[in-house]
Amino acid sequence: PEAIEAVVYCENDSITAEVYTEDPAAVQSAIKNLNKTLPIYKHIKNIKFRTTEFEKTTTKKIKRNTVIKGN
(Lines give C-alpha, C1' and ligand atoms only; values in the text may rest on other atoms or scores of the structure.)
Protein backbone atom coordinates (compact mmCIF):
# COMPACT_ATOMS: atom_id res chain seq x y z
CA PRO A 1 0.00 0.00 0.00
CA GLU A 2 2.99 2.35 0.42
CA ALA A 3 3.84 2.15 -3.28
CA ILE A 4 1.75 4.12 -5.73
CA GLU A 5 3.30 2.35 -8.74
CA ALA A 6 6.06 -0.24 -9.05
CA VAL A 7 7.92 -2.28 -11.64
CA VAL A 8 10.17 -5.19 -10.71
CA TYR A 9 12.81 -6.51 -13.11
CA CYS A 10 16.22 -8.18 -13.30
CA GLU A 11 19.22 -5.88 -13.61
CA ASN A 12 22.80 -7.16 -13.44
CA ASP A 13 21.60 -10.55 -12.14
CA SER A 14 19.76 -8.89 -9.22
CA ILE A 15 16.08 -8.26 -8.67
CA THR A 16 15.40 -4.52 -8.81
CA ALA A 17 12.24 -2.68 -7.82
CA GLU A 18 11.59 0.74 -9.29
CA VAL A 19 8.94 2.50 -7.22
CA TYR A 20 6.92 5.69 -7.43
CA THR A 21 5.89 6.63 -3.88
CA GLU A 22 5.42 9.55 -1.55
CA ASP A 23 7.06 7.67 1.35
CA PRO A 24 10.36 5.98 0.39
CA ALA A 25 11.14 4.97 3.99
CA ALA A 26 7.89 3.03 4.27
CA VAL A 27 8.58 1.22 0.99
CA GLN A 28 12.10 0.29 2.11
CA SER A 29 10.69 -1.09 5.34
CA ALA A 30 7.98 -3.05 3.49
CA ILE A 31 10.53 -4.57 1.10
CA LYS A 32 12.81 -5.47 4.01
CA ASN A 33 9.91 -7.27 5.68
CA LEU A 34 8.95 -8.96 2.42
CA ASN A 35 12.50 -10.20 1.88
CA LYS A 36 12.34 -11.95 5.27
CA THR A 37 9.55 -14.16 3.95
CA LEU A 38 11.16 -15.00 0.59
CA PRO A 39 13.93 -17.41 -0.36
CA ILE A 40 17.28 -15.66 -0.92
CA TYR A 41 17.14 -16.01 -4.70
CA LYS A 42 13.87 -14.00 -4.73
CA HIS A 43 15.09 -11.09 -2.54
CA ILE A 44 14.75 -7.60 -3.95
CA LYS A 45 18.35 -6.39 -3.86
CA ASN A 46 18.02 -2.90 -5.37
CA ILE A 47 15.36 -0.23 -4.95
CA LYS A 48 15.11 2.82 -7.19
CA PHE A 49 12.73 5.61 -6.28
CA ARG A 50 11.02 7.81 -8.85
CA THR A 51 9.73 11.34 -8.43
CA THR A 52 7.33 11.01 -11.37
CA GLU A 53 4.81 8.42 -12.48
CA PHE A 54 5.75 5.78 -15.00
CA GLU A 55 4.92 6.31 -18.68
CA LYS A 56 1.64 4.55 -19.48
CA THR A 57 -0.30 3.21 -22.45
CA THR A 58 -3.73 4.53 -23.41
CA THR A 59 -5.24 1.78 -21.21
CA LYS A 60 -3.27 3.07 -18.18
CA LYS A 61 -0.80 0.19 -18.03
CA ILE A 62 2.87 0.91 -17.30
CA LYS A 63 5.07 0.69 -20.39
CA ARG A 64 7.57 -1.82 -18.97
CA ASN A 65 9.79 -1.75 -22.05
CA THR A 66 10.51 1.97 -21.62
CA VAL A 67 11.28 1.50 -17.92
CA ILE A 68 13.75 -1.33 -18.47
CA LYS A 69 15.39 0.26 -21.55
CA GLY A 70 15.89 3.51 -19.63
CA ASN A 71 18.24 1.78 -17.16
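Which whole number in µm²/s is D for the chain by Stokes-Einstein, with the Kirkwood Rh taken over Cα pairs at 25 °C and 0.890 mPa s?
Taking Rh from Cα pairs, D becomes 191 µm²/s.
Once phi is turned into θ = phi - 60°, what whole-Hz ³J(HN,Hα) does the Karplus curve with 6.51, -1.76 and 1.60 give for every residue of the range 11-17, x standing for Gly and Pro?
These are the phi-based 3J(HN,Hα) values: 9, 6, 6, 10, 7, 10, 10 Hz.
Roughly how tilted is helix 24-37, in degrees to the nearest 10 and between 0 and 90, from the longest Cα axis of the chain?
The helix 24-37 is inclined about 50 degrees to the chain.
Points 7 angstrom from Cα along the Cβ direction at Asp13 and Glu53: gap in nanometres?
The answer from the label model is 3.8 nm.
Percent antiparallel among DSSP beta bridges with both residues in the chain, to the nearest 5? Display every interim value, and only then the final one.
On the way: 9 of 15 bridges.
Around 60 percent antiparallel, to the nearest 5.
Report the extension gain between Leu38 and Ile68 in nm, rounded to one decimal, defined as 0.36 nm multiplied by the number of residues separating them, less their alpha carbon distance.
8.4 nm
Could you check how much of the accessible area of the chain is carbon and sulfur, as a whole percent, using a 1.4 Å probe? Display every interim value, and only then the final one.
Numbers: 2690 of 5120 Å².
About 53 percent, which is the carbon plus sulfur part of the accessible surface.
Counting only helical runs of four or more DSSP H residues, what would the 222 nm mean residue ellipticity of the chain come to if each run contributes -39,500 (n - 2.57) and the total is spread over all its residues?
Rounded to the nearest 500, it is -8500 deg cm²/dmol.
The values are calculated or read from the model by the stated rules, or taken from the named source; none is laboratory data. Everything numeric in this text was worked out from a predicted model, so none of it was measured. Because the Cβ atoms are built from the backbone with ideal geometry, glycine has one as well, and the counts that use them run over all protein chains shown. Heavy atoms of the whole protein, side chains included, go into the accessibility calculation; ligands, DNA and RNA do not. Shrake-Rupley method; radii C 1.70, N 1.55, O 1.52, S 1.80 Å.
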